[in-house]
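Report on one structure; see the data block that follows.
The values are calculated or read from the model by the stated rules, or taken from the named source; none is laboratory data. Computed from a predicted structure; not experimentally measured. Quick reminder, even Gly has a Cβ in these numbers, built from the backbone with ideal geometry, and neighbours come from all protein chains shown. These accessible areas exclude ligands, DNA and RNA; they are computed on the full protein's heavy atoms, side chains included. Shrake-Rupley method; radii C 1.70, N 1.55, O 1.52, S 1.80 Å.
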Number of protein chains: 2
Amino acid sequence: MVDVAKRAAVSVKTVSRVVNGEEGVRPDTKARVDEAIRQLGFRRNDSASDLRRGRAEGIGLIVENMSDPFYSVIGAAVERVARLQRHLLLMGSAEGSAERERDLTGAFLSRRVAGLIVVPAIEDHHWLAAELAAGTPVVFVDRPASGLSADAVLTDNDAGVRSAVEHLAARGHRNIGFLGDNPEFWTAGQRLAAFGSATAALGLRSDLTAMGPHEVEGIAALVETWTRDSDPVTALVTGNNRLSVTALRALRRVGKRLALVGFDDFELADMVEPAVTVVAQDPAAMGEQAAHLLFRRLAGEGGPARTVVLPTRLVVRDSSHLV
Amino acid sequence: MVDVAKRAAVSVKTVSRVVNGEEGVRPDTKARVDEAIRQLGFRRNDSASDLRRGRAEGIGLIVENMSDPFYSVIGAAVERVARLQRHLLLMGSAEGSAERERDLTGAFLSRRVAGLIVVPAIEDHHWLAAELAAGTPVVFVDRPASGLSADAVLTDNDAGVRSAVEHLAARGHRNIGFLGDNPEFWTAGQRLAAFGSATAALGLRSDLTAMGPHEVEGIAALVETWTRDSDPVTALVTGNNRLSVTALRALRRVGKRLALVGFDDFELADMVEPAVTVVAQDPAAMGEQAAHLLFRRLAGEGGPARTVVLPTRLVVRDSSHLV
DNA sequence: CTACTGGACGACAACGATGTCACCCAGCTA
DNA sequence: TAGCTGGGTGACATCGTTGTCGTCCAGTAG
């Protein structure tokens, strides 16, 4: 910047003014400075700018696994909003590890990012309270923070599971099995609970649940067990899209054609055999809302923590039309 | 840091030494400093550190679209390697726009990232030469840079397409159609050229190519045309996974069961009807190799630009067994 | 006892930008 | 003409770290 200033015969402060588009620079001065910038190929050093201003124009995003479509869509949505606010996206996978999540959080905070968007792993987040109080806004996505009151964007898991159960019940299914993920994951727990209350409300069996197997073999064995009965399970609800796909493979493996409704849509759900009925979430909207919440906080909005709950949409395809 | 120094009754320089794990601090001094850091909840300001050191410990990744599985897998791989080197990942989507790509590049360079990994859009990159020469390493992925000699990680498009054509020819197909993307995209052009030479080498027709329609309707119409003939097309090669899926939908729409081989694998390719034979690339390996190349440059490795070409793998499923 | 060594530590400047405040002067009013 | 105004500009301190270099002192050799 001092080189530019010399070349344009102005002070560094004036160069700074031009670079930041501030008021109060005569057009001819600005032109001289712009020309000098062009000639020297000058690029402002944002590290210095960040240091002086005390805040970096970047937002940190922590997800479980960047390559999972659910999270990458969230990431893309966050980046789109961030870009409009002239912020960069820093992104990392916590891979379900609380330690890795803390490391990433620390790294982002050390870099003085403007804010954080986090899909939290299993753990207590009260240690983040200090940073929150210090003015770095944090928004949680998909799952709320535990031990901390902060903004969050969630899916309406309860209504979503209920719509799945009601849909199957309306088609005559009485014994519906639920395949969920480890209930230590908040969403898995929510969906399990929702399954319990939805089935109970309809007078259906609520005990056909398994939060266990994730592999084709395990699920295939489970299906065998559930269908050996004289009063067999005739339909399945799966707690996330990985389980939906795995269940589909398992059903093929054992040659049973149970009805199936999956939580969370996935690409080609309409092209597989049978096309899978799903409770669709809207990850792009989740990312977008989270980013909007964050930037509203950055714009100075106060008030208590907000929670945005997004609705689900039942997308009926073939798999729920099976006997 | 000065607060920590006061509390531990040492100089800031000593705190800096402890924070950076430098030699030459007595264990008891280090313990005092650590304790002060803990008590005050001190976190080093990386903006200041970056400024002083002249380089940020982050690497910038520019892809076409973060939410596309191909790119998000690259991103996850890059992040994994970056993490091991204690670097953060900054990521953005250029969305096929050269301008947006330049903006992102500029933003990353302003932040003085350690290096850049770029999936380039259509354009000339000689303007990057100055930065490259100035010591910021750049690695290109999926497509080489134009007008610039830089490291790159590519897929062996030629061998991949050839394996697809040979596979279909071996199953008796003589008239094979090629559905590609806009040939301004480097990969699309490569694959088209590869299709031409592979068919020519086998004495097959090389003129059944369309770099045009991307929607179900357009492709359906094209298929109708190609199969109306007395000497009809009996097999299709698609140039990327979006086209494979769209072609699959189009074939269903018009009720034709042509053989199909897609370039690039996709999730559930084995579960759709028919399961799709593909030429699989390895995006995770591409991201990993690119990151390794980058960090080798950062470690001071000199020498001319390297190009790593990764092999493809033909994954035979049902769609290529159709008549 | 003196001279020397080397390890531990601190003072200070510098990295490149920006906020504050003072300055200058053209153009105005009284 | 003297005094004011206010827009354009610059000098300087400052953000939080780290590189350089000098100081201090305990321990050792002569």
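Any chance region B:226-241 includes a residue that's under 23 Å from B:LEU314 (Cα atoms) and basic (Lys, Arg)?
Taking region B:226-241 and keeping what is under 23 Å from B:LEU314 (Cα atoms), we get B:233-241.
Narrowing further to those that are basic (Lys, Arg): none.
Scanning region B:226-241 turns up no residue that is under 23 Å from B:LEU314 (Cα atoms) and basic (Lys, Arg).
With the requirement that a residue be in a helix (DSSP H, G or I) and not hydrophobic (A, V, I, L, M, F, W, C), what does region A:1-12 give you?
Keep residues of region A:1-12 that are in a helix (DSSP H, G or I), which gives A:2-8, A:12.
Hits for region A:1-12 are A:ASP3, A:LYS6, A:ARG7.
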For region A:187-209, name all the residues that are within 23 Å of A:GLU95 (Cα to Cα), touching a helix residue (DSSP H, G or I) at 6+ places or on another chain (Cβ under 9 Å) and of a type in the set (A, V, I, L, M, F, W, C). A:LEU192
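For the structure I just gave you, tell me whether B:VAL10 is within 12 Å of DNA strand D (Cβ to nearest atom), over 38 Å from the mean Cα position of the chain (by Cα) and open to solvent by less than 60 Å² (accessible area, probe 1.4 Å).
On the way: within 12 Å of DNA strand D (Cβ to nearest atom): yes; over 38 Å from the mean Cα position of the chain (by Cα): yes; open to solvent by less than 60 Å² (accessible area, probe 1.4 Å): yes.
Yes.
Out of A:LEU132, A:LEU148, report the one residue that is assigned by TED's automatic domain parsing to the domain that holds A:ARG100 and in a helix (DSSP H, G or I).
One residue alone meets the criteria, A:LEU132.
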Residue count, region B:43-58 (criterion: within 6 Å of DNA strand D (Cβ to nearest atom) and either open to solvent by less than 20 Å² (accessible area, probe 1.4 Å) or assigned to a helix (DSSP H, G or I) (or both)): 5
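Could you grab me the full set of residues in region A:151-162 that are assigned to a helix (DSSP H, G or I), in contact with a strand residue (DSSP E or B) (Cβ under 6 Å, 6 or more places away or on another chain) and open to solvent by 30 Å² or more (accessible area, probe 1.4 Å)? Walk me through how you get there before you give the answer.
Initially, region A:151-162 is screened for residues assigned to a helix (DSSP H, G or I), giving A:157-162.
Okay, now just the ones that are also in contact with a strand residue (DSSP E or B) (Cβ under 6 Å, 6 or more places away or on another chain), so A:160.
Selection gives nothing.
In region B:83-96, what residues are small (Gly, Ala, Ser) and either open to solvent by 40 Å² or more (accessible area, probe 1.4 Å) or within 9 Å of chain A (Cβ to nearest Cβ) (or both)? Full working, then the answer.
The first filter runs over region B:83-96 and keeps only residues small (Gly, Ala, Ser), leaving B:92-94, B:96.
Hits for region B:83-96 are B:GLY92, B:SER93.
Considering B:GLY160, B:GLY212, which residue is free of Cβ contacts under 8 Å to residues at least 12 places away in the same chain and among the small types (Gly, Ala, Ser)? Before you say what the answer is, go through the steps one by one.
Details: B:GLY160 fails: free of Cβ contacts under 8 Å to residues at least 12 places away in the same chain.
Sole residue among the options that is free of Cβ contacts under 8 Å to residues at least 12 places away in the same chain and among the small types (Gly, Ala, Ser): B:GLY212.
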Does region A:61-81 include one or more residues that are within 16 Å of DNA strand D (Cβ to nearest atom) and within 11 Å of chain B (Cβ to nearest Cβ)? no
Could you check region B:32-51 and list, in sequence order, the residues that are in contact with a helix residue (DSSP H, G or I) (Cβ under 9 Å, 6 or more places away or on another chain) and more than 8 Å from chain A (Cβ to nearest Cβ)? B:ARG32, B:VAL33, B:ASP34, B:GLU35, B:ALA36, B:ILE37, B:GLN39, B:LEU40, B:PHE42, B:SER49
Region B:242-262, subset closer than 21 Å to B:THR312 by Cβ and among the hydrophobic types (A, V, I, L, M, F, W, C), residue nearest to the chain's Cα centre (by Cα): B:LEU243
Filter result (more than 16 Å from DNA strand C (Cβ to nearest atom) and among the charged types (D, E, K, R)) within region A:23-81: A:ARG32, A:GLU35, A:GLU64, A:ASP68, A:GLU79, A:ARG80
Please list, ordered by first then second residue, the pairs with beta carbon atoms under 9 Å, 6 or more apart or interchain, first in region A:180-202 and closer than 15 Å to A:ILE122 by Cβ and free of Cβ contacts under 8 Å to residues at least 24 places away in the same chain, second open to solvent by less than 60 Å² (accessible area, probe 1.4 Å) and assigned to a helix (DSSP H, G or I). none
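Do any helices (runs of 4 or more DSSP H) entirely within region A:174-267 hold 1 or more residues that are in contact with a Pro (Cβ under 9 Å, 6 or more places away or on another chain) and open to solvent by 40 Å² or more (accessible area, probe 1.4 Å), and if so, which? Can you show your working first?
Numbers: elements: A:186-201, A:216-228, A:241-254.
Filter on region A:174-267 gives A:186-201, A:216-228.
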When the residues of region B:13-42 are narrowed to those that are within 12 Å of DNA strand D (Cβ to nearest atom) and not in a helix (DSSP H, G or I), which ends up surrounded by the fewest Cβ atoms within 10 Å (Cβ to Cβ)? B:GLU23
